[in-house]
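The values are calculated or read from the model by the stated rules, or taken from the named source; none is laboratory data. Treat the numbers as computed from the prediction; the structure is a model and nothing was measured. So basically every Cβ, Gly included, is an ideal-geometry build from the backbone, and we count neighbours across all protein chains shown.
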Amino acid sequence: MSALGHYLEEEGIPTVAISLIRPQTEKTKPPRALWVPFELGRPFGPPSDAAFQKRVILAALRLLERERGPVVIEDFPEDDPRERPDPEWRPPFAKPDLDGASAARLAAALEDESERVEGAYRRAAKKRERTIVGLSGLSVGEAGRYMAGWLRGQTPESPNAEMSAPLALRFAVDDLKAAYIEAALSGSAKPSSKQLGDWLWNDTAAGAAIFVLRSMCLTSDDERLKAIAGLFLVPGVRVSQSG
Amino acid sequence: MARLTDLPPAVAKRYAELECPSFATTPWADGPPLAERRVAIVSSAGLVVRGEKPFRGRDADYRVIPSETRPDQLMLSHISINLDRSGFQEDWNVVFPLDRLRELAAERVIGSVAATHYSFMGATDPLQMEGYACEVASRLKDDGVDAVLLSPV
């Protein structure tokens, strides 16, 4: 991000960068940057809090009025209030009993669960008039079935001529995760990202299935599949927690 | 949470030690008061308007996001899975604060909002983006933009 600031500024366009990782910004030295103490993925802070977001944007844009450079890095003083858990939030369904389940049983549980989540996801998307599901081109149930095929040891054909099968698997997993989170966000409670992540990875058949898929793909002879499994299925923090 | 002390030690170390480009020059462009500026968002979140090609791997090019884009049309195809997406799912302004810029323009805090915004893939080696960044600079100038809010993810 800071490098883009450098390139645009070289072309005469004034820029100000939001910085999420201060040491990287300090190394690249963009003309102006505002470091924010928010989690990765939330450069402007809490969702559904216009006043807070505006304070972040204004703190950044005001740096454009500084008369002296060449490098200005300031810190935003407020924390994101949405990092606190909401005790009122409840997951959309109870944790399935899958302790010690085989890959085949997980595949069946994933197919069943993703079909059920599809309804909750569709209602949530309609209510919010928005969804980020759609990278794979599959419906939620189809994404679940596509992943279940891999879990059963098959190499299902890519559903999209423009994507390799491993890429389609990656996007199917992305879409499934996104649909579960959107279904979990449908109520009035305001869960933290950690609450949502804990639920998805610890308390759903989808989370358990993605962990197993990752392990299976890491032993594949297909280097693309191995790379996708290592980098794109399970967040690093969840891998380290699972031991 | 983006304080490195809050991240798992291995992740924090990787971010802190990530190789970043350093430049011999320190450019500094000036502009008019904020209330007269035309502001664009340039994001590195791998944003893509639904129907356009998602970013794959570490593509160095960019995607165009017209100001008329609606929240239900914007997707996030960044390759990192170590970033939260639930904030963006709940409210696109967390990553792409177009509604906030419109409000600031209506309040006359900024001059206006650009007609077009841009997105790159932040995980790409920045040196590969230079040519595309120059292309974006030219398009921003054509739009009269004199303030860019650079947003990572």
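Looking at this structure, is A:E111 in contact with a Gly (Cβ under 6 Å, 6 or more places away or on another chain) and either at the interface with chain B (Cβ under 8 Å from one of its Cβ atoms) or acidic (D, E) (or both)? Judged against the criteria, A:E111 is a match. When the stretch A:5-33 is limited to residues that are of a type in the set (K, R) and more than 7 Å from chain B (Cβ to nearest Cβ), the one that is nearest to B:M121 (Cα to Cα) turns out to be A:R22. Being modelled with pLDDT under 95, buried (at least 16 other Cβ atoms within 10 Å of the Cβ) and aliphatic (A, V, I, L, M) is a property that does not hold for A:L34.
Scanning the stretch A:27-53 for residues that are touching a Cys at 6+ places or on another chain (Cβ under 9 Å) and over 30 Å from B:D142 (Cβ atoms) yields a count of 1.
Among the candidates A:V71, A:V36, single out the residue that is at the interface with another protein chain (Cβ under 8 Å from one of its Cβ atoms) and within 19 Å of B:D30 (Cβ to Cβ). Criteria check complete, one pass: A:V71.
Go through (1) in contact with a Ser or Thr (Cβ under 9 Å, 6 or more places away or on another chain); (2) free of Cβ contacts under 8 Å to residues at least 60 places away in the same chain; (3) within 7 Å of chain A (Cβ to nearest Cβ) for B:L98 and report which single condition fails. Going through (1) in contact with a Ser or Thr (Cβ under 9 Å, 6 or more places away or on another chain); (2) free of Cβ contacts under 8 Å to residues at least 60 places away in the same chain; (3) within 7 Å of chain A (Cβ to nearest Cβ) one by one, B:L98 breaks only (3). Residues in the stretch A:1-35 that are in a loop (DSSP other than H, G, I, E, B) and in contact with a Ser or Thr (Cβ under 7 Å, 6 or more places away or on another chain): A:M1, A:K29, A:P30, A:P31.
Summed over the stretch B:55-78, residues that are surrounded by 20 or more Cβ atoms within 10 Å (Cβ to Cβ), at the interface with chain A (Cβ under 8 Å from one of its Cβ atoms) and over 21 Å from A:I57 (Cβ atoms) total 2.
Just one of the listed residues (A:S220, A:S186) is within 21 Å of A:S102 (Cα to Cα), assigned by TED's automatic domain parsing to the domain that holds A:A109 and outside any helix (DSSP H, G or I), and it is A:S220.
Scanning the stretch A:168-192 for residues that are in contact (Cβ under 8 Å) with a residue 60 or more places away in the chain, touching a Lys or Arg at 6+ places or on another chain (Cβ under 7 Å) and at the interface with another protein chain (Cβ under 10 Å from one of its Cβ atoms) yields A:K190, A:S192. Screening the stretch B:21-54 for residues that are among the small types (G, A, S) and part of a loop (DSSP other than H, G, I, E, B) and picking the one that is surrounded by the most Cβ atoms within 10 Å (Cβ to Cβ) gives B:S44.
The single condition among (1) within 12 Å of chain B (Cβ to nearest Cβ); (2) closer than 21 Å to A:A103 by Cβ; (3) of a type outside the set (G, A, S) that A:E162 does not meet is (2). The listed residues are A:S2, A:S48, and the only one of them that is more than 22 Å from A:R66 (Cβ to Cβ) and either crowded, with 24+ Cβ neighbours inside 10 Å or facing another protein chain (nearest Cβ under 7 Å) (or both) turns out to be A:S48. Restricting A:V173, A:V237 to residues that are at pLDDT below 95, in a helix (DSSP H, G or I) and closer than 30 Å to A:D49 by Cα narrows the list to A:V237. In the set (1) surrounded by fewer than 21 Cβ atoms within 10 Å (Cβ to Cβ); (2) of a type outside the set (A, V, I, L, M, F, W, C); (3) under 14 Å from A:L213 (Cα atoms); (4) within 21 Å of the chain's Cα centre (by Cα), A:Y146 fails one condition alone, (1).
Could you go through the stretch A:74-87 and let me know if any residue there is facing chain B (nearest Cβ under 7 Å) and in contact (Cβ under 8 Å) with a residue 24 or more places away in the chain. Checked against the condition, which is being facing chain B (nearest Cβ under 7 Å) and in contact (Cβ under 8 Å) with a residue 24 or more places away in the chain, the stretch A:74-87 yields at least one hit.
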